[in-house]
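Trainee: Before I ask anything, let me first share the structure, which is written out below as structure tokens.
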Amino acid sequence: MGVRIKSTGISRDTDTFSIVELSGRAARRAMESAGVQPGQVGVMINAGIFRDSNTVEPAVSALIQKAAGIGLDYVKEDPRSFSFDLMNAGTGVLNAVQVAQAVLATGSSEHVLIVSGDTHPSLTRSAADDEFPYATAGAALLLEQTDEPEGFGRVYTRAAEGTPGVESYVDAATMGDRGRGLMTVEREPDYLERLLALAAEAARAALAGSDIDETTTALIASTPSGDFPALLAAELGIAADAVFTPDLSQGDPHTASLSLAYHAAAEADSLAAYRDVLFVAAGAGPSAAAVVYRLPALAGAAA
């Protein structure tokens, strides 16, 4: 038994910069694509980091849950749904997969919905720049339990010692009454090199723990730089044409990167030639996570 991706949904709509609205739309599209009703989603996990107006309370997951139309009725007989934020920099989506595996194994939930995405807290732009290197996008993975020999394997995580590599914070002492719309991001000069080494370490652990053939394995990785997935593929001996990335025209989609890339590849039927997808997430910490995903017999059929 395993946990597979039943469907995906994304939102890069240009009529709003709200990550609550964009993630909610992505969630609705994932459910609609699969023909799944909101009441069939028992758990929703939000892995996004940068949110509307630097919202602290309530949990952003609750706002996204409302935007997605999940669990809005309170009649005694209605199915129960709940949501929570799982914030762990760029690795959050794969950490959420770990949680989903545990939840679905208990049979307590029919589906788990993982949403991710980030936005500039000012809600005035969607493209990354030197000061805030993250693009606005919402993405969703709808997961279910399966008896077939497919789906996610064990998620392997790694963390490096030393400084975090990249830090994001609201400098309350200098921002004054503008703190709701500003964010300071500091990246160390060797951040990408350290992150690449750690991502490769996590990826090798996932590959060693799985029965796979590298020639039929695709790679989907975080995009802290445009060439990061290609550099990681070279480290792992994976062919360059087996690397799939999201649209990076506006910069790094950060926590939504893996889901956006998988959605695009599945929509284009680009995974038909592969048996497995190696997902590798990496971000501040530095931290990394990796997992092998066994595709259904007809690649992309579950997405």
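What follows is calculated from the coordinates using simple rules that are stated; it is not laboratory data. What you are looking at is a predicted structure, and each value in this text was computed from that prediction instead of being measured. For neighbour counting, all protein chains shown are included, and Cβ atoms are generated from backbone atoms with ideal geometry for every residue, glycine included.
Trainee: Using every Cα-Cα pair within the chain, state what percent have a distance larger than 31 Å.
Mentor: 24
Trainee: A further question follows. Only four residue types carry charge here, +1 at the Cβ of Lys and Arg and -1 at the Cβ of Asp and Glu. Report the dipole size of the chain about the Cα centre in Debye, rounded to the nearest 20.
Mentor: 620
Trainee: If you don't mind, there's one more thing I want to ask. Give the relative contact order (percent, whole number) for the chain; include only Cα pairs under 8 Å separated by 6+ residues.
Mentor: That works out to 24 percent.
Trainee: Further question: Rounded to the nearest Å, what's the spacing between the alpha carbon centres of segment 1-22 and segment 231-303? Just the number, please.
Mentor: Going from one Cα centre to the other spans 16 Å.
Trainee: Return the long-range amide H neighbours of Leu219 (sequence gap of 5 or more, or a different chain), with a cut-off of under 5 Å between placed amide H atoms.
Mentor: Sorted by chain and number, the residues that satisfy this are Val243, Phe244, Leu278.
Trainee: Whole-Hz ³J(HN,Hα) for each residue in segment 127-144, computed from phi via Karplus 6.51 cos²θ - 1.76 cosθ + 1.60 with θ = phi - 60°, x for glycine and proline: what do you get?
Mentor: 8, 6, 8, 5, 7, 9, x, 10, 8, 8, 6, x, 8, 9, 10, 9, 10, 8
Trainee: Residue by residue through segment 147-161, what is 3J(HN,Hα) from phi via Karplus (6.51 cos²θ - 1.76 cosθ + 1.60, θ = phi - 60°)? Round to whole Hz and write x for glycine and proline.
Mentor: So the J values, rounded to whole Hz, are 8, 7, x, 8, x, 6, x, 6, 8, 9, 10, 9, 9, 9, 7.
Trainee: To continue, here is another question. Please work out how much length the chain gains when fully extended from Thr163 to Asp227, using 0.36 nm per residue of separation minus the C-alpha to C-alpha distance, in nm with one decimal.
Mentor: 20.7 nm
Trainee: Please report, ordered by residue number, every helix of the chain (full DSSP H runs) that is 18 Å or longer along its axis going by C-alpha atoms and whose mean Kyte-Doolittle hydropathy reaches -0.5. Write out the running numbers ahead of the final one.
Mentor: On the way: long enough: 19-34 (22 Å, -0.06); 92-105 (20 Å, 1.48); 191-208 (26 Å, 0.89).
Helices meeting the criterion: 19-34, 92-105, 191-208.
Trainee: Let me ask something additional. Show me the three semi-axes of the equivalent ellipsoid for segment 106-256, from the C-alpha gyration tensor (sqrt of 5 times each eigenvalue), largest first, rounded to whole Å.
Mentor: 31, 21, 16
Trainee: Using each residue's phi in segment 179-184, evaluate 6.51 cos²θ - 1.76 cosθ + 1.60 at θ = phi - 60° and report the 3J(HN,Hα) Karplus result to the nearest Hz, with x for Gly and Pro.
Mentor: Computed from phi, the couplings for segment 179-184 are x, 5, x, 10, 8, 9 Hz.
Trainee: In percent, how large is the relative contact order of segment 17-165, given Cα pairs closer than 8 Å and 6 or more residues apart?
Mentor: Worked out over segment 17-165, it gives 33 percent.
Trainee: Here's another thing I want to ask about it. Hey, how many Å between the Cα centroid of segment 118-147 and the Cα centroid of segment 78-104?
Mentor: 16
Trainee: I'd like the GluC sites (Glu not before Pro) in segment 136-188 restricted to DSSP loop residues with at most 14 other Cβ atoms within 10 Å, sorted by number.
Mentor: Sparse-neighbourhood loop GluC sites (Glu not before Pro): Glu161.
Trainee: Check Gly90: other-chain or 5+ apart residues with amide H under 5 Å from its amide H, H built from backbone geometry?
Mentor: Counting only residues 5 or more places away or on other chains, the set is Gly283, Ala284.
Trainee: Could you work out, for segment 196-283, what percent of all Cα-Cα pairs fall into each 5 Å distance bin, beginning at 0 Å and stopping at the bin that holds the largest distance?
Mentor: Histogramming segment 196-283 at 5 Å steps yields 3, 16, 28, 26, 19, 7, 1, 0 percent.
Trainee: Something else: At 222 nm, what value in deg cm²/dmol follows for the chain if DSSP H runs of at least 4 each add -39500 (n - 2.57) and the sum is divided by all its residues, to the nearest 500?
Mentor: -8000 deg cm²/dmol
Trainee: So for the pair Leu72, Ser249, with labels modelled 7 Å out along Cα→Cβ, what separation do we get in nm?
Mentor: Result: 3.2 nm between the two label points.
Trainee: Still on this structure, please answer the following. Any chance you could run the full-extension gain for Glu214 through Ser108? It's 0.36 nm times the residue separation minus the Cα-Cα distance, nm to one decimal.
Mentor: Result: 34.6 nm gained on full extension.
Trainee: Per the Cauchy relation, a quarter of the hull surface: what is the mean projected area of the convex hull of the alpha carbons in segment 2-149, in nm²?
Mentor: Working: hull surface 37.1 nm².
Across all orientations, segment 2-149 yields a mean hull projection of 9.3 nm².
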